[in-house]
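Note sheet for the following structure.
The values are calculated or read from the model by the stated rules, or taken from the named source; none is laboratory data. Being a predicted model, the structure only gives us computed values, none of them experimental. Here the Cβ positions follow ideal geometry from the backbone for every residue, glycine too, while neighbour counts run over all protein chains shown.
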Amino acid sequence: MRKTFFYWLLLVLLHQEATAQQKKPAQMDIRKEEILPFMKKVADWQLANPTGKELNSWEYGPFYIGLMALYNTSSDRKYLQAVEEMGKKVNWEPIARPYDANVLAISQAFLELYEINRNQSVTDKSRFVMDAPMRRELAPDITFDKNKYWWEWWSWCDALFMAPPAYARMAAIFNEPRYKNFMVQEWKRTSGYLYSPGDSLFFRDDRFFSMQSANGQKIFWSRGNGWVLAGLARVMQYLPKNDADRSFFEQQFKEMSYKLKRIQRENGFWSQSLLDAENYPQKESSGTGFYVYALAWGVNNGLLPRSEFMPVIRRGWAALKESVHASGKLGYVQEVGDSPTNVKFDDSETYGTGAFLLAGSELYKTFR
């Protein structure tokens, strides 16, 4: 009987300790000199541990975008060469699904590389894929059920990270406004359908309009909104400040940023179900990585007040550091999906690594 009691007591204590760790405030001490070594450690682990997925897949796209950010921050040509080697292996081709926004994630890395080497063969196949949706005569339909197999329209919020920054970059690099105009048109179409102005957050797709968490809350998926906020930041990098459409993107970025500031957890992470911290309460680093990146970009570019947002960014970075294994593997990365799930410290994916590298690159710039 006594053994049973002590076993029960041990379980209670372990549960209390785990709960306390989930709620423990993140330590916010950050030194500029620590950021690049952390970024390199995580990038090097990922380069040494390929997942077996196609290098031009959407999962790998954010990683190579992140490698370009690491190169731009460190000037270490090792990371530039890794992007070049990937491009040669895939023959500079996005995956052959021309209407699918996901395939253009890798094109963002190709376009950044073009800005360095001015080799047009790096971008030609991306241009072909980007032109295809602009020539179609299909009637727009972004209901998710109609698009879940062919991805003809941007019917899921993740798409707003994958394709729009590529279109905005193509427009600016080659001075071809039609790419920007198409991007704005399609972003507004998706935003008008999936953005909830009252919540300042995006539903992942229309299946979630009426769906509720176990606690009766609306389900706004963390990484999904991370894709959007990071997409906003990356689009605005290539929208001139006097562009007629820029105010729309700035306003949406600010609305989402202030909402996310209010709902960050004490431990520095954001909940997988943003409005329901008790629904899948595990730590999750990919959504958090994209938020830290985008919020730091907002501070660096004068859209968000430094005094209000740097504490949020610092807590988020502390949470990301906590997610890194001694080997450099980034943990707590939610698997491929579209809604909250269980996450473990050992879970990792390339898009999470990419988000980490983007976050580090913008955090580095916040030091004056």
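Just one of the listed residues (ALA319, ALA326) is closer than 21 Å to ASP29 by Cα and in a helix (DSSP H, G or I), namely ALA319. In the stretch 71-84, the qualifying residues are those that are free of Cβ contacts under 8 Å to residues at least 12 places away in the same chain and either in a loop (DSSP other than H, G, I, E, B) or basic (Lys, Arg) (or both), and the one that is surrounded by the most Cβ atoms within 10 Å (Cβ to Cβ) is LYS78.
Table: residues versus (1) part of a helix (DSSP H, G or I); (2) surrounded by fewer than 20 Cβ atoms within 10 Å (Cβ to Cβ); (3) of a type outside the set (Lys, Arg); (4) free of Cβ contacts under 8 Å to residues at least 12 places away in the same chain.
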position	(1), (2), (3), (4)
PRO62	yes, no, yes, no
ALA69	yes, no, yes, no
ASN91	no, yes, yes, no
ILE95	no, yes, yes, no
ILE116	yes, yes, yes, no
SER121	yes, yes, yes, no
LYS125	yes, yes, no, no
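Quick one: is LEU304 closer than 17 Å to LEU36 by Cβ and crowded, with 22+ Cβ neighbours inside 10 Å? Here the answer is no, as LEU304 does not meet what is asked.
Condition check for ASP141 on (1) under 21 Å from the mean Cα position of the chain (by Cα); (2) more than 22 Å from TYR60 (Cα to Cα); (3) modelled with pLDDT under 95: one failure, at (1). Can you confirm whether the stretch 144-160 contains a residue that is closer than 22 Å to ARG204 by Cα and small (Gly, Ala, Ser)? Within the stretch 144-160 (the criterion being closer than 22 Å to ARG204 by Cα and small (Gly, Ala, Ser)), the answer is yes, since at least one residue qualifies.
Would you check which residues across the stretch 323-368 are of a type in the set (D, E, K, R), touching a residue at least 60 places away in the same chain (Cβ under 8 Å), surrounded by fewer than 20 Cβ atoms within 10 Å (Cβ to Cβ) and closer than 23 Å to VAL299 by Cβ and list them? The one that is of a type in the set (D, E, K, R), touching a residue at least 60 places away in the same chain (Cβ under 8 Å), surrounded by fewer than 20 Cβ atoms within 10 Å (Cβ to Cβ) and closer than 23 Å to VAL299 by Cβ: LYS365.
Considering only the stretch 150-162, I want to know if a residue exists there that is surrounded by fewer than 13 Cβ atoms within 10 Å (Cβ to Cβ) and within 18 Å of ASP338 (Cα to Cα). Full working, then the answer.
Here is the first cut: in the stretch 150-162, the ones surrounded by fewer than 13 Cβ atoms within 10 Å (Cβ to Cβ) are 150.
Filter again for within 18 Å of ASP338 (Cα to Cα), leaving 150.
Yes, the stretch 150-162 contains at least one residue that is surrounded by fewer than 13 Cβ atoms within 10 Å (Cβ to Cβ) and within 18 Å of ASP338 (Cα to Cα).
TYR280 meets all of the listed conditions (1) within 20 Å of TYR167 (Cα to Cα); (2) of a type in the set (Phe, Trp, Tyr); (3) modelled with pLDDT under 95 but one, namely (1). State all residues of the stretch 13-43 that are out of contact with any strand residue (DSSP E or B) (no Cβ under 9 Å at 6 or more places or on another chain), crowded, with 16+ Cβ neighbours inside 10 Å and modelled with pLDDT of 95 or more; if no residue qualifies, say none. Selection gives ILE35, LEU36, MET39, LYS40, ALA43.
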